[in-house]
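I have placed the structure first, in the form of structure tokens, so that the comments after it can refer back to it.
The values are calculated or read from the model by the stated rules, or taken from the named source; none is laboratory data. Quantities reported herein were computed from a predicted structural model and do not represent experimental measurements. No Cβ is skipped: glycine too gets one built from the backbone with ideal geometry, and neighbour counts run over all protein chains shown. Only protein heavy atoms, including side chains, enter the accessible area calculation; ligands, DNA and RNA are left aside. Shrake-Rupley method; radii C 1.70, N 1.55, O 1.52, S 1.80 Å.
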Amino acid sequence: MIPKSAILLIPDDTARTGLPRPLMLQRIMGTPLLCWLTASLQGHGLTRCLLVAPEAWLETAKAAIPE
């Protein structure tokens with residue numbers, strides 16, 4: 001079986017949106033949108049992902065991904 005992979009891009013869109021953090025790191029019902037996305041992908045068989053984010057937001061993005 002071929003493992004399912006994804007590339008997760010977290011652009012720094014704060015200047016465009018006017019929000020204090022990138023849209024994918026904004027909290028929805030107390031949880032970052034990125035966490036909701038990766039949990040859904042894992043539920044559909046995702047086994048690995050490549051995270052691409054600006055250096056300033058990389059640690060925050062890593063923390064938002066469930067184990």
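Would you point out the residue of the stretch 32-56, among those that are β-branched (Val, Ile, Thr) and surrounded by fewer than 16 Cβ atoms within 10 Å (Cβ to Cβ), that is modelled with the highest pLDDT?
Start the filter on the stretch 32-56 by keeping residues that are β-branched (Val, Ile, Thr), which leaves 38, 47, 52.
Still in the running and surrounded by fewer than 16 Cβ atoms within 10 Å (Cβ to Cβ): 47, 52.
Numbers: THR47: 89, VAL52: 95.
Applying the filter and picking the extreme gives VAL52.
Confirm whether THR17 is in contact with a helix residue (DSSP H, G or I) (Cβ under 9 Å, 6 or more places away or on another chain), open to solvent by 40 Å² or more (accessible area, probe 1.4 Å) and among the polar types (S, T, N, Q).
On the way: in contact with a helix residue (DSSP H, G or I) (Cβ under 9 Å, 6 or more places away or on another chain): yes; open to solvent by 40 Å² or more (accessible area, probe 1.4 Å): yes; among the polar types (S, T, N, Q): yes.
The answer is yes for THR17.
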>> Quick check on my filter: what residues within the stretch 20-31 are at positive phi and open to solvent by 70 Å² or more (accessible area, probe 1.4 Å)?
In response: MET29
> Which condition breaks for ILE10 when tested against (1) out of contact with any Pro (no Cβ under 8 Å at 6 or more places or on another chain); (2) among the β-branched types (Val, Ile, Thr); (3) open to solvent by less than 60 Å² (accessible area, probe 1.4 Å)?
Replying inline: (1)
